[in-house]
Amino acid sequence: MKLSQIKNLFNKTETAETFSKQIASEVSIYKDLLKKKGSSIPIMLDEDIQLSIGSEEVYLLCDLFSKNELTEHEIGYIADAFTLSDNVSYTTDQISDLVAMLADPELNGELTYDLADEIMLTCRNLR
């Protein structure tokens, strides 16, 4: 997965369906390894650009999940990539915290529609 692909998703120059297909093999490995306790999960990320994440981007990820356009594993994979990347910055510490809530389902629990709604409400209040 490339940061530029994620930016294209955010800019809506790429559909969620296309994006999902592009990262399908990576997410499949991620999903399988999540089932194994204590396993190390590789995040394959090409940090080809700098990416700033704000409330709109976090809102969009949760909205795509709520509309069943991206799965909880795809969202988790993206959020894990953000937390590990040196080329991703956050507009505020609160946005960083929201991304962390989406990352590492082993630590934070699986993403649910209720949690996505809660995060979207927080994002709306941050605008």
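Does segment 45-52 include one or more residues that are closer than 25 Å to LEU121 by Cα and under 15 Å from the mean Cα position of the chain (by Cα)? Looking for residues that are closer than 25 Å to LEU121 by Cα and under 15 Å from the mean Cα position of the chain (by Cα), one finds at least one in segment 45-52, hence yes. Within this structure, GLU69 passes the test of being charged (D, E, K, R), touching a residue at least 40 places away in the same chain (Cβ under 8 Å) and at negative phi. Filtered by the rule that a residue be more than 24 Å from GLU118 (Cα to Cα) and in a loop (DSSP other than H, G, I, E, B), segment 40-55 gives SER40, ILE41, PRO42, ILE43, MET44, LEU45, GLU47, ASP48, ILE49, GLN50.
Residues are listed down the side, and each one gets a yes or a no for (1) part of a helix (DSSP H, G or I); (2) free of Cβ contacts under 8 Å to residues at least 60 places away in the same chain:
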position: GLN5; (1), (2): yes, yes
position: THR18; (1), (2): yes, yes
position: SER25; (1), (2): yes, yes
position: LYS36; (1), (2): no, yes
position: GLU57; (1), (2): yes, yes
position: CYS62; (1), (2): yes, no
position: ILE75; (1), (2): yes, yes
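Just one residue in the set VAL88, VAL58 is at pLDDT 95 or above, among the hydrophobic types (A, V, I, L, M, F, W, C) and more than 24 Å from ILE29 (Cβ to Cβ); that residue is VAL58.
Considering segment 1-42, the residues that are of a type in the set (A, V, I, L, M) and farther than 18 Å from LYS67 by Cβ include one that is surrounded by the fewest Cβ atoms within 10 Å (Cβ to Cβ), namely ALA24. Taken together, VAL88, VAL27 contain a single residue that is touching a His at 6+ places or on another chain (Cβ under 7 Å) and closer than 23 Å to MET120 by Cβ, which is VAL27. When we screen LYS31, LYS37 for residues that are among the basic types (Lys, Arg), farther than 20 Å from ALA116 by Cα and at pLDDT below 95, the only hit is LYS37. Number of residues in segment 77-104 that are under 21 Å from PHE19 (Cα atoms) and either not small (Gly, Ala, Ser) or not in a helix (DSSP H, G or I) (or both): the value is 13.
The values are calculated or read from the model by the stated rules, or taken from the named source; none is laboratory data. Small disclaimer: the values here were computed from a predicted structure and weren't measured. Here the Cβ is made from the backbone with ideal geometry for all residues, glycine too, and neighbour counts use every protein chain on show.
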